[in-house]
1. Could you list all residues from region 58-74 that are touching a strand residue (DSSP E or B) at 6+ places or on another chain (Cβ under 6 Å) and either of a type in the set (Gly, Ala, Ser) or exposed (fewer than 13 other Cβ atoms within 10 Å of the Cβ) (or both)?
2. Which ones in region 58-111 are closer than 27 Å to GLN385 by Cα and part of a strand (DSSP E or B)?
3. Specify which of the listed residues (GLU315, GLU299) is more than 23 Å from the chain's Cα centre (by Cα), touching a residue at least 12 places away in the same chain (Cβ under 8 Å) and more than 22 Å from ILE391 (Cα to Cα).
4. Where residues in region 147-163 are open to solvent by 60 Å² or more (accessible area, probe 1.4 Å) and in contact with a Ser or Thr (Cβ under 9 Å, 6 or more places away or on another chain), which of them is farthest from GLU96 (Cα to Cα)?
5. Does region 76-122 hold any residues that are under 22 Å from THR249 (Cβ atoms) and among the charged types (D, E, K, R), and which are they?
6. Just name the residue that is surrounded by the most Cβ atoms within 10 Å (Cβ to Cβ) out of those in region 107-131 that are of a type in the set (A, V, I, L, M) and under 13 Å from ILE88 (Cβ atoms).
7. Could you list, in sequence order, all residues of region 314-332 that are open to solvent by less than 20 Å² (accessible area, probe 1.4 Å) and assigned to a helix (DSSP H, G or I)?
8. Kindly indicate whether any position in region 137-159 is over 25 Å from PHE185 (Cβ atoms), within 19 Å of the chain's Cα centre (by Cα), outside any helix (DSSP H, G or I) and among the aromatic types (Phe, Trp, Tyr).
Amino acid sequence: AQVTTPAFTMAIALALTTAMALAGDARAFHSDGGAHSNVWVIGDVHADAGCARAWVRATGLVRNLEGPSTQWAWEDESTALVFMGDYIDKGPESVEVLTFMRDLSLAFPEHVFAILGNHELNLLVDRTRGANAYKYLQLVWGAAHPGQYRSWLARAGEEHASEDEATALAALYEALGRVYERGQFRNVLLSPNGEDSRSIVNWVRPEVREVTSRELARWQETYLSGMGSDSPLGAWVEARPVAVVLARTLFVHGGVRRSHVTGPGAPLSSTQAFAHLNAELAANVRAERLPAFLARRPETQDLVEYRGLHSDCGEVHEVVRALNISRIAVGHTPAQDVRASCDGAFLALDSSLGRWFRTAGNSYCEGSRDQLADNGQLVCPRRAQGCEGRISRLEQITAGKSNDEESASWAWTPVSFPPHAAAPETGGAVGAAHPRGNGGGNVDAADDPEAHVEL
């Protein structure tokens, strides 16, 4: 049944954890002996480095966060931090977010857990595809924002934008406005090949098509090279686990089908099976092995993309019982707020934290100003300045009796951005929006930022 009251209870054990070692090898799920009595969770940040850093700052977990990573210090040994995946795409700051997440993971490997999102997995798959093949990064909505390429070029040594680069980027934003205004986003690709009838190049003004095609091809090649297995950021993404377990909560980006955990031959019938999947992915994630692995283990893609749990509490409870956990926490499916349902067994934690996505949805907008189409229609609003949405905290409120892990209890608290906190480096006022979550029966503490739900 869906939750309809502001408080409910259920047993939860002390934390179990799993992670991928940062060098690329995998560790199995294991009990942490109660080391983490609190867990902060940050949902999909989608290429918004300013808000990613601001939300971490809001947890209070990292001292000297504004300084170099060598000066960072973890403030609370009893607390873990989980990121729910989707660090890239839909915004222009993928490089900056990946770098920040990698630095956190390297600095605090025993406390920071960053799982794989569908956007990261699709990028890894794109690396396996030929030059003229379809790529996820070529979607004109919801994938690789063209504003990110300047950062990838700078990382590759091109510190300053050329005149051709500026011309091509302006032409792309203009062409994308036409695509969005005419509702053709499903029929166009950010392909540099103008001979392809679906290519965005054919929507660019004729006098700048050649330079746009050339620059776009160069940008995408630089992006994929910058995410290669031998690059620091590519290797970090390759090392992301598809799931971790902390506080008897399975953290997975998309969801888990009942058919994957119940019945004869179910591939993920225990938390140990998830650990094995993490290890198998780590061993097969390089471009030459990944397609065969995903064909052999299709549940991997499902774990980062499945959305069925949002509408089926029966399936949620079946999965929870089969895995002997207390709840499932997911990202991937955005709303204005975090949500809890299914008697506390399901936490949906993607609250649209990235400002480009929160303002313009899946459209690729420059963000510094309103953008109008040729007919005067507003196709891209100015990006929101403040960090909105909410993050979450799981806090142990009673310890288990006589080391009985399953008798411990926890509280789940949605946390708003501190109203008087400093704004991200892009400037502007920081505000916290508290719209109610979607759907009947969701627990919503939006009217009281300090409210929490006992689990």
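1. The answer is ARG63, ALA73.
2. Answer for region 58-111, where residues must be closer than 27 Å to GLN385 by Cα and part of a strand (DSSP E or B): VAL62, ARG63, LEU81, VAL82, PHE83.
3. GLU315
4. Result: GLU158.
5. ASP76, GLU77, ASP86, GLU110, GLU120
6. Residue satisfying both the conditions and the ranking: LEU116.
7. GLU315, VAL316, VAL319, VAL320, LEU323
8. The answer is no, given that none of the residues of region 137-159 is over 25 Å from PHE185 (Cβ atoms), within 19 Å of the chain's Cα centre (by Cα), outside any helix (DSSP H, G or I) and among the aromatic types (Phe, Trp, Tyr).
The values are calculated or read from the model by the stated rules, or taken from the named source; none is laboratory data. Predicted, not measured: the structure shown is a model, and the values here were computed from it. Every residue, glycine among them, receives a Cβ derived from its backbone with ideal geometry; neighbour counts consider all protein chains shown. Ligands, DNA and RNA are excluded from the accessible area calculation, which covers all protein heavy atoms including side chains. Shrake-Rupley method; radii C 1.70, N 1.55, O 1.52, S 1.80 Å.
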